[in-house]
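One structure below.
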Amino acid sequence: MVNVGVLGATGMVGQRFIQLLDKHPDFEISALAASSRSAGKRYEDATTWYLDDAMPDSVKDIVVSETEPSAISNDVDILFSSLPTENAAIVEPKFAENFIVASNASAMRMEKDVPLVIPEVNPEFLDIIEVQQKNRNWDGFIVTNPNCSTIALTLTLKPIYDKYDINRVYVSTMQAVSGAGYNGVPSMAIVDNLVPYIGSEEEKMESETLHLLGDLDGLEIKPAQFGLTTSCHRVAVLDGHTEAVFIELAEDIDINNIKSDMANFKALPQELDLYSAPKNPVIVKEEENRPQPRMDRNADGGMAVTVGRLRKDPVFDNSFKYVLVGHNTIRGAAGASILNAELINKTIL
């Protein structure tokens with residue numbers, strides 16, 4: 001059994017980590033860390049629990065630690081980080097001197113020697129870890145997962161990108177309020193409304209997606225070379241990001257081939273039978289009114305992305321479009337970091 005801890009344990013993503021790690025066959029929670037106002041308290045006393053499932057009994061009596069390396073026991077092997085970006089930039093490198101950090105924060109994602117990984121897309125990027133440890137003289141290391149909307153999009157692009165030449169991709173997102181945290185969007189701002197701007201979200205989607213689909217050459221990552229533009233919007237949905245995707249290929253491909261490529265897509269996590277890996281990373285629906293967040297966000301425990309309305313575009317040549325739904329705090333956040341850690345545990349530790 002691998003001992004693990006959660007940094008930022010009292011927040012929404014921290015709670016999702018705890019929910020997903022409870023009863024995990026390989027990982028056991030032995031440390032929880034949060035801000036100074038929570039440190040020293042039992043987790044149950046320090047936390048306002050936001051999730052539908054009850055707080056696991058296994059964590060209620062754990063005393064919350066300060067978010068500093070000296071407060072975490074040396075027998076902890078992996079730390080999951082759900083820290084705010086500004087804190088993560090300072091704190092995560094300190095932990096990585098001695099611990100493995102699987103981070104959901106954006107602070108270190110685009111560092112040259114820090115692998116940004118979706119296990120079904122680019123597991124080979126974990127090779128960068130050795131360079132990171134050498135460069136920084138660390139015994140531990142940091143591995144990051146991408147932005148929530150990026151993960152859902154890239155999982156659906158991977159089977160297409162591997163077989164066909166993509167000219168350009170246009171994406172419009174409709175993102176759930178949980179992506180901004182419990183206090184992130186005031187109710188008066190989102191009820192009966194749509195907010196057509198999410199700070200830095202479009203830039204993250206565009207840079208991270210091309211990075212993830214790029215080629216690793218030593219320490220250099222050569223980004224994928226197709227056009228990608230996004231427009232991101234916050235909508236009055238609790239969980240589950242929806243994205244409308246338009247793709248132009250270099251040649252005309254039968255839409256049934258595209259459907260088959262997506263529906264049959266499997267990769268290393270499925271081959272290794274990792275605990276959190278969905279049986280099918282991309283689920284293709286034929287119903288004309290699917291996917292929908294409320295009906296499809298929890299597909300395969302929230303770890304699969306559901307695609308529907310997959311159809312040829314009637315106006316533009318060599319083009320097709322679809323709608324996807326992915327659970328933003330499971331596959332797009334905590335679940336992504338846990339799957340990264342499962343891959344590390346299976347292939348590196």
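Values as computed for the structure displayed
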{"item": "Hits in the stretch 238-252 - residues which are open to solvent by 20 Å² or more (accessible area, probe 1.4 Å), touching a strand residue (DSSP E or B) at 6+ places or on another chain (Cβ under 8 Å) and either free of Cβ contacts under 8 Å to residues at least 60 places away in the same chain or part of a loop (DSSP other than H, G, I, E, B) (or both)", "result": "ALA250"}
{"item": "Residue list for the stretch 293-349, filter: of a type in the set (Lys, Arg), over 21 Å from ASN104 (Cα atoms) and not in a helix (DSSP H, G or I)", "result": "ARG309, ARG311, LYS312, LYS321"}
{"item": "All positions within the stretch 84-109 that are in contact with a Gly (Cβ under 9 Å, 6 or more places away or on another chain), in a helix (DSSP H, G or I) and open to solvent by 30 Å² or more (accessible area, probe 1.4 Å)", "result": "ASN87"}
{"item": "Entirely in the stretch 1-83, the helices (runs of 4 or more DSSP H) that have 1 or more residues that are of a type outside the set (Ser, Thr, Tyr) and open to solvent by less than 20 Å² (accessible area, probe 1.4 Å)", "result": "12-21, 57-60"}
{"item": "Identity of the residue in the stretch 209-237, in contact with a helix residue (DSSP H, G or I) (Cβ under 6 Å, 6 or more places away or on another chain) and part of a loop (DSSP other than H, G, I, E, B), that ends up nearest to PHE316 (Cα to Cα)", "result": "ALA224"}
{"item": "Selected residue [aliphatic (A, V, I, L, M), at pLDDT 95 or above and over 16 Å from the mean Cα position of the chain (by Cα)] from ILE118, ILE142, ILE151, ILE128", "result": "ILE128"}
{"item": "Of all residues in the stretch 163-204 being basic (Lys, Arg) and open to solvent by 90 Å² or more (accessible area, probe 1.4 Å), the one that is farthest from LEU324 (Cα to Cα)", "result": "LYS163"}
{"item": "Members of the stretch 321-349 that are buried (at least 21 other Cβ atoms within 10 Å of the Cβ) and not aliphatic (A, V, I, L, M)", "result": "TYR322, GLY326, HIS327, ASN328, THR329, ARG331, GLY332, GLY335, SER337, ASN340, GLU342"}
{"item": "Top-ranked residue in the stretch 123-140 [being open to solvent by 10 Å² or more (accessible area, probe 1.4 Å) and in contact with a helix residue (DSSP H, G or I) (Cβ under 6 Å, 6 or more places away or on another chain); ranked as nearest to PHE226 (Cα to Cα)]", "result": "PRO123"}
{"item": "Options ALA267, ALA277; residue that is of a type in the set (Gly, Ala, Ser), modelled with pLDDT of 95 or more and surrounded by fewer than 21 Cβ atoms within 10 Å (Cβ to Cβ)", "result": "ALA267"}
{"item": "Residue within the stretch 155-172 that is among the β-branched types (Val, Ile, Thr) and within 27 Å of LEU51 (Cα to Cα) present", "result": "no"}
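Here is a yes/no grid of residues against (1) closer than 23 Å to SER106 by Cα; (2) out of contact with any helix residue (DSSP H, G or I) (no Cβ under 8 Å at 6 or more places or on another chain); (3) of a type in the set (A, V, I, L, M, F, W, C):
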| residue | (1), (2), (3) |
| --- | --- |
| ARG168 | no, yes, no |
| THR173 | yes, no, no |
| ALA189 | no, yes, yes |
| ASP192 | no, yes, no |
| GLU202 | yes, yes, no |
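The values are calculated or read from the model by the stated rules, or taken from the named source; none is laboratory data. Because the structure is predicted, anything quoted here is derived from the model rather than measured. For neighbour counting, all protein chains shown are included, and Cβ atoms are generated from backbone atoms with ideal geometry for every residue, glycine included. Protein only, heavy atoms only, side chains kept; ligands, DNA and RNA dropped before computing areas. Shrake-Rupley method; radii C 1.70, N 1.55, O 1.52, S 1.80 Å.
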